[in-house]
Ligand code: SAH
């Protein structure tokens, strides 16, 4: 067995749960879950992963999902700090990778500021591993660059700092997290900036979960297709030549 470090009382481990399939939980994440006193998890963590947590471990759900009232970030950080100060072994479990559009950096900074010892445990992010599982590998010989971006900004609009046109022109493969609500604006801007309307595009819903669904369409038709089908969330938007490989690569 690999000699993993001990999770000591009074420390917090910020742990990635992967995109949903329990098989994509890292050995280090599994190790942490078996030794925690308390697990504070978000709404994205798959049920199969939650089942790995032993019965005697306290579980606190701190959900953050689009469209629902979510606990403010300070509350979550304060809760981690409180449990750590009480001498608990704390695991903060986040869907995918804690450091990909998940405020893991902010939570780690809050711990550092409070003088709490912590460890960062990355996970498989939905936008890379989840897409690969769905038959969409992000790179290939045809793809020299990939961009990961968020479609979530203030007031349900795209973040004003996001250079959609620049990304559209420069990155071969584009992956947008949290982009279902802003999809019409996103696609309109990509097309206007010169991205080929025939570019293969897809929405991957609930990747790495038993009820995963994938909708593919040329870029210019993706919005209409998404409106007609309304796939459940969480879902990713992926645009670029390797979406076309799915036909030959899906399991
Ligand atoms: N930290 C997470 C991302 C959190 S942001 C990660 O690394 O994967 C939340 C967004 O992630 C969702 O809106 C969706 O776009 C994406 N997402 C997370 N899990 C997903 C899944 N199983 N299938 C599809 N998209 C997912």
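Bear in mind that the values in this text are calculations on the coordinates, not laboratory data. These numbers were taken from a predicted model, which means no experiment stands behind them. Backbone-built Cβ (ideal geometry, glycine too); neighbour counts: all protein chains shown.
Quick notes
- Angle between the chain longest axis and helix 73-85 axis [Cα atoms, degrees, rounded to 10]: 30 degrees
- Sorting 4, 118 from the fewest to the most surrounding beta carbons within 10 angstrom yields 4, 118.
- Compactness of region 127-249, expressed as Rg and Dmax over alpha-carbon positions, Å: 13.1, 39
- Angstrom value of the Kirkwood radius, inverse mean 1/r, which spans all Cα pairs in the chain: 19.0 Å
- Based on Cα contacts under 8 Å between residues 6+ apart, the chain shows a relative contact order of 20 percent.
- Per-pair calculated FRET efficiency, R0 = 41 Å: residue 114 and residue 141 via Cβ, rounded to 0.05: 0.30
- Counting only alpha carbon atoms, the long axis of helix 219-229 and the longest principal axis of the chain meet at about 60°.
- Region 129-188 versus region 24-93: alpha-carbon centroid distance in Å: 28 Å
- Dimensions (Å) - region 58-138, Cα atoms, principal axes, largest first: 45, 29, 24
- Computed over region 127-249, relative contact order equals 32 percent, with contacts defined as Cα pairs under 8 Å that lie 6+ residues apart.
- The share of alpha-carbon pairs in region 12-124 lying farther apart than 22 Å comes to 22%.
- Here each label is just a point 7 Å from Cα along the line to Cβ, and for residue 82 and residue 163 those points are 4.3 nm apart.
- Rounded tilt (10° steps) of 183-192 against the dominant C-alpha axis of the chain: 50 degrees
- Per residue of the chain, the DSSP helices (runs of n ≥ 4 H) give a summed -39500 (n - 2.57) that works out to -7500 deg cm²/dmol at 222 nm.
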